[in-house]
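Trainee: Below are the structure tokens for one structure; questions will follow.
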Amino acid sequence: MKLRVKNNSVRLRLTPGDVARFNDSGRVEEAIEFGIEPHQRFVYALETGLETERMRATIENNRITIFVPKTQADEWTNTARVEMESEQDTGGVSLRLLIEKDFACLEPRAGEEDENTYPHPLEGKVC
């Protein structure tokens, strides 16, 4: 799972393996280790929530969690639907939340991994 944070938006891109784990367990997470101490670990997670009415995000104790309603998560994981998107009111500027299936790049880029990605829908087509 890849995390992208830009301005007031959070985007997660999930590989087919991530989507399968999310579908099976209702949860997928990754961690970034900045050091050996527990407070130097940053976690980002995607979870389903039966009581969640719309996508929402929380941040506490070095952990970002995006919660998705179970029915929305089931529809996304079991269809060709590519993304789930929502806006969260922060009492000021809205927070944009975007969850996407991770597609292979059309052109190879240095430092980019294309292992365990979805085939790009435009692959092999001339633009």
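The values are calculated or read from the model by the stated rules, or taken from the named source; none is laboratory data. Everything numeric in this text was worked out from a predicted model, so none of it was measured. Cβ placement follows ideal geometry from the backbone for every residue including glycine, while neighbour counts extend to all protein chains displayed.
Trainee: Can you name the condition, by its number, that VAL68 falls short on among (1) surrounded by fewer than 12 Cβ atoms within 10 Å (Cβ to Cβ); (2) assigned to a strand (DSSP E or B); (3) of a type in the set (A, V, I, L, M, F, W, C)?
Mentor: Of the numbered conditions (1) surrounded by fewer than 12 Cβ atoms within 10 Å (Cβ to Cβ); (2) assigned to a strand (DSSP E or B); (3) of a type in the set (A, V, I, L, M, F, W, C), the odd one out for VAL68 is (1).
Trainee: Looking at (1) under 16 Å from ILE99 (Cα atoms); (2) touching a strand residue (DSSP E or B) at 6+ places or on another chain (Cβ under 6 Å), which is the only condition ARG41 fails?
Mentor: Every listed condition holds for ARG41 apart from (1).
Trainee: A follow-up question, please. For the stretch 1-59, which fully contained strands (runs of 3 or more DSSP E) count at least 1 residues that are surrounded by 17 or more Cβ atoms within 10 Å (Cβ to Cβ) and of a type in the set (Ser, Thr, Tyr)? Give the steps one after another, and end with the answer.
Mentor: Values: elements: 2-6, 9-14, 27-33, 41-49.
Filter on the stretch 1-59 gives 41-49.
Trainee: Output the residues belonging to the stretch 71-84 that are assigned to a helix (DSSP H, G or I) and in contact with a helix residue (DSSP H, G or I) (Cβ under 6 Å, 6 or more places away or on another chain). Step through it out loud before you land on a result.
Mentor: So in the stretch 71-84, the residues assigned to a helix (DSSP H, G or I) come out as 71-77.
Once the filter is applied, which keeps residues that are assigned to a helix (DSSP H, G or I) and in contact with a helix residue (DSSP H, G or I) (Cβ under 6 Å, 6 or more places away or on another chain), the stretch 71-84 yields only THR77.
Trainee: Moving on. What about GLU85, is it modelled with pLDDT under 90 and charged (D, E, K, R)?
Mentor: On the way: modelled with pLDDT under 90: no; charged (D, E, K, R): yes.
Spelling it out, it is not the case that GLU85 is modelled with pLDDT under 90 and charged (D, E, K, R).
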